1. Where a Cα-Cα gap under 26 Å defines reach, which lysines qualify for Lys16, not counting those fewer than 8 residues away within the same chain?
2. Roughly how tilted is helix 31-45, in degrees to the nearest 10 and between 0 and 90, from the longest Cα axis of the chain?
3. Divide, for the chain, the radius of gyration over alpha carbons by 2.2 N^0.38 Å, where N is the residue count.
4. Nearest 10 degrees, 0 to 90: what angle lies between the long axis of helix 107-118 and the longest principal axis of the chain (Cα atoms)?
5. Test of the criteria: in the stretch 214-298, which chymotrypsin sites (Phe, Trp or Tyr not before Pro) are in a DSSP loop and have at most 16 other Cβ atoms within 10 angstrom of their Cβ?
6. Distance from the Cα centre of the stretch 235-254 to that of the stretch 8-41, in angstrom?
7. Hey, what's the chain come to in accessible area per residue, 1.4 Å probe, Å²?
8. Which lysines, on any chain, are close to Lys181 with Cα under 18 Å apart, when same-chain ones fewer than 8 places away are left out?
Amino acid sequence: MPAFSRFLRYFVAVGKAGSIRRAADQLNVSPSAIDRQILNAEAELGLPLFERLPGGLRPTAAGEMLMANGLKWQHELSGLRASFEDLQGLRRGHVEIALIDALAKGAFPRVLGGLLDRYEGISANVRVLENDVARRAVIEGEVDFAILFEPHSFRDLSVRAFTEIPLGLLVTPGHTLSSQKRARFSHCAGEALIVPAEPLAVAQQIAVLEGSIDASWHHKVTTDNIQMIVSLVTEGAGVGVLTALDAIPELEAGLVAFVPLYDPILHPMTLALCTNSARRPSHAAAALLTEIERDFEAIVGWPRSM
């Protein structure tokens, strides 16, 4: 049912938007993921669902039939799921959640608010914690689940979903680096750097990068507060080194630009939805987990179009 629900959501969005690109923007997923789902469905049905026109896509007769029934199925499936959840007691309970600071803004609060509106009997306590503290909170059973960086080396954690978040340079729109599609860390040599300090998860990666390059580094500001880094960059104080996830509102507003780093020694940060591998989630926690896991990349992924 989840795989079918994903295809149906993508198909209906394309039918309404008339374009895979516009549907991808609305759903915050990659156009290739939507195109793949539609092509697979057309291959299985043996019929084209859309006419490919210069100005976009138009449903074929088969596509129009599927669109009409798809909207009806979506409505009926939602009601059926609600009935199942009521039977299992999924609409009642309390959930403890831990998040890293970067997720306290952007899409996640909006998604969580929507889920709690749907599951009226579920309440939540959201703890915004440092990455290591969030990890310990899951392992020690203080929270039902957490979204955090770099969980893979901890056997007490079960990863329910994950996505990769690149490290990059945060600069003002007029900076010489702002027009680059990507950059090496060596391009920062001589720049006034605003860098994260421990215990922020990216601090260790920056130390490795600096140690691998024979250059002098000017740390104008070092801080363990992500918002301070973003604010200083916005004010033109220097070049920040963060993930795109850390500055989504500022990127959307055009206050800063993000340039991904591609140094060979560097690997993307893994952001993951984690539970305690030795504990079974409560019905309430499982309900929220299932919803978040299904669209994890869209909920927490970095804004690739920027």
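The values are calculated or read from the model by the stated rules, or taken from the named source; none is laboratory data. From a predicted model like this one, the values you see are computed outputs, not experimental measurements. Neighbour counts are summed over all protein chains in view; Cβ atoms, including those assigned to glycine, are modelled from backbone coordinates with ideal geometry. Keep in mind that these areas ignore ligands, DNA and RNA; they rest on the heavy atoms of the full protein, side chains included. Shrake-Rupley method; radii C 1.70, N 1.55, O 1.52, S 1.80 Å.
1. Within the straight-line cut-off, Lys16 pairs with Lys72.
2. Helix 31-45 sits at roughly 30 degrees to that axis.
3. 1.13
4. On a 0 to 90 degree scale, this one is about 30.
5. On the way: sites: Trp217, Phe258, Tyr262, Phe296; in loops: Trp217, Tyr262.
Here the sparse-neighbourhood loop sites are Trp217, Tyr262.
6. Their Cα centres are 29 Å away from one another.
7. Working: 15260 Å² over 306 residues.
Spelled out: the 1.4 Å probe surface of the chain, per residue, equals 50 Å².
8. Partners found: none.
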